[in-house]
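K.L.:
I'd like to ask you about the structure that follows.
The values are calculated or read from the model by the stated rules, or taken from the named source; none is laboratory data. Only a predicted model underlies this, so the values are computations on that prediction, with no experimental measurement involved. Virtual Cβ from ideal backbone geometry, glycine too; neighbours counted across all protein chains shown. The protein model used for the area step is the full one, side chains on, heavy atoms only, and it has no ligands, DNA or RNA in it. Shrake-Rupley method; radii C 1.70, N 1.55, O 1.52, S 1.80 Å.
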Amino acid sequence: MHGISRRRALATIGSATLTGAAMAAIGDVPHANAQARPFTWAGTGGTWGDALNRVFVEPFAKAQGLNTVHSAQLEAIAASKIMASCGNPPFDISNGPQADYDLLNDSKCLVPYDTSVVTGLDDIYPEAKNGDFYAAFNILLFGMCWNTKEAKKPTSFMDLLKSEYKGAIGIPAYGWYGMGWLHGLNKTLGGTEDNIDPGLAAVVEMVRKNKAVIVENADHGTRLMESGEVVIMPYWNGRTVRLQEANVPAAFELVPGTVLVGSGWSITKGSPYIKQAQAFVQSTLGVEKQLEFTRWSKYPPANKNVKLPPELEGIAIPTGGLERTAKLNWNKVNEHRSAYLERWNKEVLTA
C-alpha cells in the first residue's frame, strides 16, 4: 500500500476517531466461523443503524432465509477490526464512507463486486462509487449550512472568515469529519493531499480571528444551529433539511470543495457469505430501496435514475453540483491521516 505497513494503516484508520479503550478492544476481534455465527453486518447504531436494518437488511434476510446480526459500532472501529482480521473477518458486509474502504481495499481486505450479480453499478453517479468495491446508496454532502436570518448565502468555505460572523462560526472536529473537510478546503486554496499548508493556515485563522467553535458531531452541530450560537458552518445536506423541518431558518449550499462522503456497503474478504453479500449489495442499488431510505434520511439517492417526489425535490443534487465537489485521492488522504491530526492538534487547537 504505497509504502505503508498494514500495522501503520490500522493505526491511521483509528487515530483520528477512536478512544484508547476502543483501540484496545480491537485486539479482541472475533474470528469468522460459518458454523458459529449468522450473516453479520457492521454499521453505526442509533436511528441510522435502525433505518439500515429496516430498509435494507431485514427485507433481504427474509427473502433469503437468513439469520442476521447487527454489529453496531462507529464506522471507523468496524474498519479497524476488518483490517486487524484481514481475510478472517468478524463481519460479512460493512457500511460506511468511502475513505475507510479505499484503505481496506488497498490492503486486500475486501472482495470486489461480482458484476454478474451487482448489475446496478452503471446507475450510480460516478462520484458516489469507487472501482469495483464501493458504491453508495445515499449521497452525503459536507458543504455549508447557514442561518438565513443571520447570515448570507455563502460562496465558499472562506466565508467563515468574514468579520460579521466573528464568534458565531463552527468548524468540524478533525476526528468527526474535519479531516475530509480540511482536504476539501485545502484543494480550493491550491493545496494537495501531500501539502496541507494552505488549508491548515486558513483553519488556524478561522479559530484565531473568528473564534470558531469546534463542532464535535452532527448532533452537536444541530444544537448549535438551533440555539443560534453558530450561524454558519460546514455541515451535512440531509441534516440541514432536518433543521428546516424543525423550523430552524437554515439552508445548505454546495460550495466549491464540498466533500462527497456517501454511505455504501463493502464485502469483507474471507466472509463465508460471499454469494449472499454480493446479492445484498445489488439490493441496495435499486431505485425503490434508495428512494425509501432517502425519504427517511433526507439525503439524495446515489442512483441517478431515482425520480424524487414533489415533497423531496428540494434535496435533489443541482445540475453540475457534483462537479463542484472536492476530487480527493483517499489513499493519499489516509496516508497523511495521523500526521495531519498531529498538526491539527498543535496548530488549530492551540490557535
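K.L.:
Looking at the stretch 97-108, which of its residues are open to solvent by less than 10 Å² (accessible area, probe 1.4 Å) and touching a strand residue (DSSP E or B) at 6+ places or on another chain (Cβ under 7 Å)?
P.N.:
Scanning the stretch 97-108 gives Tyr101, Leu104.
K.L.:
Restricting attention to the stretch 160-173, and to residues there that are open to solvent by less than 10 Å² (accessible area, probe 1.4 Å) and in a helix (DSSP H, G or I), which single residue is farthest from Leu308 (Cα to Cα)?
P.N.:
Tyr165
K.L.:
Out of curiosity, is Ile214 touching a residue at least 40 places away in the same chain (Cβ under 8 Å), part of a strand (DSSP E or B) and open to solvent by 10 Å² or more (accessible area, probe 1.4 Å)? Steps first, please.
P.N.:
Numbers: touching a residue at least 40 places away in the same chain (Cβ under 8 Å): yes; part of a strand (DSSP E or B): yes; open to solvent by 10 Å² or more (accessible area, probe 1.4 Å): yes.
Yes, satisfied.
K.L.:
Any residue at all in the stretch 274-294 that's farther than 21 Å from Leu121 by Cα and either basic (Lys, Arg) or surrounded by fewer than 16 Cβ atoms within 10 Å (Cβ to Cβ) (or both)? Please lay out each step first, then the result.
P.N.:
From the stretch 274-294, those farther than 21 Å from Leu121 by Cα are none; that's our starting set.
Among the residues of the stretch 274-294, not one is farther than 21 Å from Leu121 by Cα and either basic (Lys, Arg) or surrounded by fewer than 16 Cβ atoms within 10 Å (Cβ to Cβ) (or both), which makes the answer no.
K.L.:
If I go through the stretch 85-114 residue by residue, how many of them are modelled with pLDDT of 95 or more and not in a loop (DSSP other than H, G, I, E, B)?
P.N.:
The qualifying residues number 5.
K.L.:
Looking at Val117, Val55, Val69, can you tell me which residue is assigned to a loop (DSSP other than H, G, I, E, B), of a type in the set (Val, Ile, Thr) and either closer than 20 Å to Val287 by Cβ or without any contact (Cβ under 8 Å) to a residue 60 or more places away in the chain (or both)? Give the steps one after another, and end with the answer.
P.N.:
Details: Val55 fails: assigned to a loop (DSSP other than H, G, I, E, B); Val69 fails: assigned to a loop (DSSP other than H, G, I, E, B).
Residue meeting the stated conditions: Val117.
K.L.:
Considering only the stretch 295-321, how many residues are open to solvent by 30 Å² or more (accessible area, probe 1.4 Å), farther than 24 Å from Ala78 by Cβ and assigned to a helix (DSSP H, G or I)?
P.N.:
So the answer is 5.
K.L.:
Which residue pairs have Cβ atoms closer than 6 Å, lie 6 or more positions apart in sequence or on different chains, and pair a first residue in the stretch 76-100 that is among the polar types (S, T, N, Q) with a second residue that is open to solvent by 10 Å² or more (accessible area, probe 1.4 Å) and at pLDDT 95 or above?
P.N.:
Asn88/Gly270
K.L.:
So which residues in the stretch 127-142 are touching a residue at least 60 places away in the same chain (Cβ under 8 Å) and either open to solvent by 50 Å² or more (accessible area, probe 1.4 Å) or assigned to a loop (DSSP other than H, G, I, E, B) (or both)?
P.N.:
Of everything in the stretch 127-142, those that are touching a residue at least 60 places away in the same chain (Cβ under 8 Å) and either open to solvent by 50 Å² or more (accessible area, probe 1.4 Å) or assigned to a loop (DSSP other than H, G, I, E, B) (or both) turn out to be Glu127, Lys129, Phe133, Ile139, Leu140.
Let's see how each residue does on (1) over 14 Å from the mean Cα position of the chain (by Cα); (2) of a type in the set (Lys, Arg); (3) buried (at least 21 other Cβ atoms within 10 Å of the Cβ):
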| residue | (1), (2), (3) |
| --- | --- |
| Val117 | yes, no, no |
| Met144 | yes, no, yes |
| Ala151 | yes, no, yes |
| Trp176 | no, no, no |
| Gly180 | no, no, yes |
| Thr188 | yes, no, no |
| Met206 | yes, no, yes |
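K.L.:
A further question follows. Restricting to the stretch 274-292, what's the tally of residues that are touching a Leu at 6+ places or on another chain (Cβ under 8 Å) and in contact (Cβ under 8 Å) with a residue 24 or more places away in the chain? Step through it out loud before you land on a result.
P.N.:
Applying the first criterion (touching a Leu at 6+ places or on another chain (Cβ under 8 Å)) to the stretch 274-292 yields 276, 285, 291.
When the remaining residues are screened for being in contact (Cβ under 8 Å) with a residue 24 or more places away in the chain, the result is 276, 285.
Qualifying residue count for the region: 2.
K.L.:
For the stretch 250-263, which positions are out of contact with any Pro (no Cβ under 8 Å at 6 or more places or on another chain) and open to solvent by less than 40 Å² (accessible area, probe 1.4 Å)? If you could, list the steps in order and put the result at the bottom.
P.N.:
First, the residues of the stretch 250-263 that are out of contact with any Pro (no Cβ under 8 Å at 6 or more places or on another chain): 250-252, 256-260.
Answer for the stretch 250-263, where residues must be out of contact with any Pro (no Cβ under 8 Å at 6 or more places or on another chain) and open to solvent by less than 40 Å² (accessible area, probe 1.4 Å): Ala250, Ala251, Gly257, Thr258, Val259, Leu260.
K.L.:
Determine whether Val333 is in contact (Cβ under 8 Å) with a residue 60 or more places away in the chain and either in a helix (DSSP H, G or I) or not β-branched (Val, Ile, Thr) (or both). Steps first, please.
P.N.:
Working: in contact (Cβ under 8 Å) with a residue 60 or more places away in the chain: yes; either in a helix (DSSP H, G or I) or not β-branched (Val, Ile, Thr) (or both): yes.
It is true that Val333 is in contact (Cβ under 8 Å) with a residue 60 or more places away in the chain and either in a helix (DSSP H, G or I) or not β-branched (Val, Ile, Thr) (or both).
K.L.:
Given Leu341, Leu328, which one is under 14 Å from His183 (Cβ atoms) and assigned to a loop (DSSP other than H, G, I, E, B)?
P.N.:
Working: Leu341 fails: assigned to a loop (DSSP other than H, G, I, E, B).
Just one listed residue meets the conditions, Leu328.
K.L.:
Here's a follow-up. Might you let me know whether the stretch 331-339 holds any residue that is open to solvent by 30 Å² or more (accessible area, probe 1.4 Å) and modelled with pLDDT of 95 or more?
P.N.:
Going residue by residue through the stretch 331-339, those that are open to solvent by 30 Å² or more (accessible area, probe 1.4 Å) are 331-332, 335-336, 338-339.
This time we only want the ones that are modelled with pLDDT of 95 or more, so: 339.
Yes, the stretch 331-339 has at least one match.
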